[in-house]
Amino acid sequence: MTSKIKVENKKIIVPDYPIIPFIEGDGIGKDISSPSQKVLDAAVLKAYGTSKKLEWKEVLAGEKAFNQTGEYLPQETIDAFNEYLVGIKGPLQTPVGEGIRSLNVALRQTLDLFVCLRPVRWFKGVPSPIRYPSLVDMHIFRENTEDIYAGIEYMTGGIDAKKFRDFLINEMGVDKIRFPESSSFGIKPVSKEGSERLIRAALNYAIKRELPSVTLVHKGNIMKYTEGAFKNWGYDLAEKDFANQTFTWRQYEKIASTKGKEEAEIVLNEAKKAGRVIVKDVITDAFLQESLLKPFNHSVIATMNLNGDYISDQLAAMVGGIGISPGANINYKKGYAIFEATHGTAPAIAGTGKANPSSLILSGVMLLEYLGWYKAAEHVYDAMEHTFAKRRVTEDLYAQMEGATLLSTSEFVDEIVGNMH
Ligand code: NAI
């Protein structure tokens with residue numbers, strides 16, 4: 001019997017046959033959507049026999065929706081995600097034209113999906129620009145509702161920019177605008193509530209998965225009251241609400257300054273031995289460098305919207321690019337989660353059998369993990385590892401891999417299913 005995923009007492013309740021709405025997607029969406037489902041279905045069958053099954057329910061968005069209903073984003077699609085909580089989507093072409101809602105924006109706002117989660121791991125055999133890609137295992141929690149996503153801008157020359165400039169100069173006493181007459185202005189809100197819910201989700205994730213650390217990435221050295229405050233709220237939260245599960249660098253520094261560095265090192269090592277999550281912070285530019293040079297120093301990353309944007313793409317490139325990087329937008333409080341391929345619609349290769357379905361498959365694996373179906377998720381990881389290690393890949397990777405065998409999208413999917421032991 002199929003039924004709905006629910007949230008009760010802050011816990012997600014997953015029936016054995018949950019209904020999962022999916023959007024096929026435009027362009028290569030059609031090429032990768034049902035092959036990805038094939039892999040996930042095979043893994044669930046392998047892990048649980050017929051006692052569990054994902055019940056796929058197609059909902060429309062993008063061109064397919066427009067052709068069938070005259071709308072790019074029918075209200076029923078939003079309603080379906082609202083009703084069933086957890087869904088998955090292929091890439092959607094951003095339609096050009098006035099008044100067309102972007103699905104990502106509409107869903108993010110309607111369901112208040114405040115976390116953009118991007119796990120980044122490397123599969124043996126996948127070409128990487130870094131020397132030790134096997135040391136990369138990071139999980140990015142990017143804030144999804146504030147910072148530049150809620151940014152306010154005034155274009156120079158406009159009445160608003162003038163009003164705003166005059167307000168800053170005349171009422172706020174600002175005297176450091178270098179070229180006031182020709183300046184545009186930007187404002188970004190970063191709140192305590194918004195930061196805390198994002199960092200809380202990252203801490204819970206690290207604790208649940210027994211990951212070693214959470215790094216707060218920020219530019220607090222320059223933007224003290226937004227990015228710097230994000231860092232401080234993060235430390236406050238960890239020390240107050242996760243006192244028994246974490247140890248922070250701020251606590252380390254306090255001990256070091258009062259009792260000496262040696263004592264601080266002892267406490268830090270004890271915390272690590274006890275399995276506490278180490279909460280630290282790094283300035284964004286240093287993080288971008290360090291994640292390349294010493295990726296093993298970082299596990300879960302919690303950061304604001306713009307930093308998260310840069311970091312997500314850099315880390316994805318380190319393990320083989322967006323073609324194999326999954327993602328999800330999640331509201332951990334209410335249970336809503338939408339998993340997605342992170343690449344676009346790749347119109348030039350749509351319908352040619354060249355598309356790599358890995359990003360969508362791996363976002364499906366994140367979905368399985370979100371449901372708590374870890375055994376099925378492991379089956380997919382293992383099978384993909386085998387497939388990449390045998391260098392049997394789609395064209396995007398074939399071109400960069402020595403001694404590889406070229407497979408079409410469907411052959412690649414069959415290979416993965418065949419490697420599920
Ligand atoms: P794109 O990701 O579609 O393509 C960039 C390059 O990567 C192309 O060379 C493409 O062939 C290749 N590529 C992408 N995914 C691939 C895959 N799975 N397998 C093999 N090769 C792959 O980005 P582009 O060209 O900037 O955008 C095309 C359309 O997609 C636009 O309408 C854009 O708005 C939309 N888009 C949608 C996203 C979403 O729905 N989440 C994300 C990014 C773009």
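The values are calculated or read from the model by the stated rules, or taken from the named source; none is laboratory data. In this text, all values refer to a predicted model and were calculated from it rather than measured experimentally. Methodologically, a virtual Cβ is constructed for each residue, glycine included, from the backbone with ideal geometry; neighbour enumeration extends over all protein chains shown.
Say whether the condition of being among the small types (Gly, Ala, Ser), modelled with pLDDT under 95 and either within 11 Å of the ligand (Cβ to nearest atom) or surrounded by fewer than 21 Cβ atoms within 10 Å (Cβ to Cβ) (or both) is met by at least one residue in segment 303-314. No, the conditions are met nowhere in segment 303-314. Whether any residue in segment 45-52 is touching a residue at least 24 places away in the same chain (Cβ under 8 Å) and of a type in the set (Val, Ile, Thr) is what I want to check. Within segment 45-52, none of the residues are touching a residue at least 24 places away in the same chain (Cβ under 8 Å) and of a type in the set (Val, Ile, Thr). Residues in segment 362-408 that are surrounded by fewer than 22 Cβ atoms within 10 Å (Cβ to Cβ) and of a type in the set (Ser, Thr, Tyr): 6 in all. Considering segment 317-421, the qualifying helices (runs of 4 or more DSSP H), each wholly inside and each with 2 or more residues that are within 30 Å of residue 144 (Cα to Cα) and within 11 Å of the ligand (Cβ to nearest atom), run over 358-371. Would you check if there is a residue in segment 265-277 being at positive phi, of a type outside the set (S, T, N, Q) and either touching a residue at least 40 places away in the same chain (Cβ under 8 Å) or not in a loop (DSSP other than H, G, I, E, B) (or both)? Taking every residue of segment 265-277 in turn, at least one turns out to be at positive phi, of a type outside the set (S, T, N, Q) and either touching a residue at least 40 places away in the same chain (Cβ under 8 Å) or not in a loop (DSSP other than H, G, I, E, B) (or both). Where strands (runs of 3 or more DSSP E) fall wholly inside segment 1-98, the ranges with 1 or more residues that are over 29 Å from residue 350 (Cβ atoms) are 6-8, 11-13. Listed by first and then second residue, the pairs linking a residue in segment 20-40 that is in contact (Cβ under 8 Å) with a residue 40 or more places away in the chain and more than 8 Å from the ligand (Cβ to nearest atom) to a residue that is basic (Lys, Arg) and in a loop (DSSP other than H, G, I, E, B), with Cβ atoms under 9 Å apart and 6 or more places separating them unless they lie on different chains, are 31/354. Inspection of segment 2-10 identifies no residue that is at negative phi, within 16 Å of the ligand (Cβ to nearest atom), hydrophobic (A, V, I, L, M, F, W, C) and out of contact with any Cys (no Cβ under 8 Å at 6 or more places or on another chain). The single condition among (1) more than 21 Å from residue 133 (Cα to Cα); (2) without any contact (Cβ under 8 Å) to a residue 24 or more places away in the chain that residue 404 does not meet is (1). In the set (1) of a type in the set (Gly, Ala, Ser); (2) at pLDDT 95 or above; (3) farther than 30 Å from residue 333 by Cβ, residue 128 fails one condition alone, (2). Within segment 103-146, restricting attention to residues that are polar (S, T, N, Q) and under 30 Å from residue 388 (Cα atoms), the residue that is surrounded by the fewest Cβ atoms within 10 Å (Cβ to Cβ) is 134. Residue under question is residue 321, and the condition is that it be of a type outside the set (Phe, Trp, Tyr), crowded, with 16+ Cβ neighbours inside 10 Å and touching a helix residue (DSSP H, G or I) at 6+ places or on another chain (Cβ under 7 Å); does it hold? Judged against the criteria, residue 321 is not a match. Residue-level analysis places residue 92 outside the set of residues that are touching a Leu at 6+ places or on another chain (Cβ under 6 Å), within 13 Å of the ligand (Cβ to nearest atom), farther than 19 Å from residue 325 by Cα and touching a residue at least 60 places away in the same chain (Cβ under 8 Å). For segment 184-241, the candidate set comprises residues that are under 18 Å from residue 309 (Cβ atoms) and without any contact (Cβ under 8 Å) to a residue 12 or more places away in the chain; within that set, the residue that is surrounded by the most Cβ atoms within 10 Å (Cβ to Cβ) is 223. Could you go through segment 18-29 and let me know if any residue there is of a type in the set (Phe, Trp, Tyr), at pLDDT 95 or above and touching a Gly at 6+ places or on another chain (Cβ under 7 Å). For segment 18-29, residues of a type in the set (Phe, Trp, Tyr), at pLDDT 95 or above and touching a Gly at 6+ places or on another chain (Cβ under 7 Å): present.
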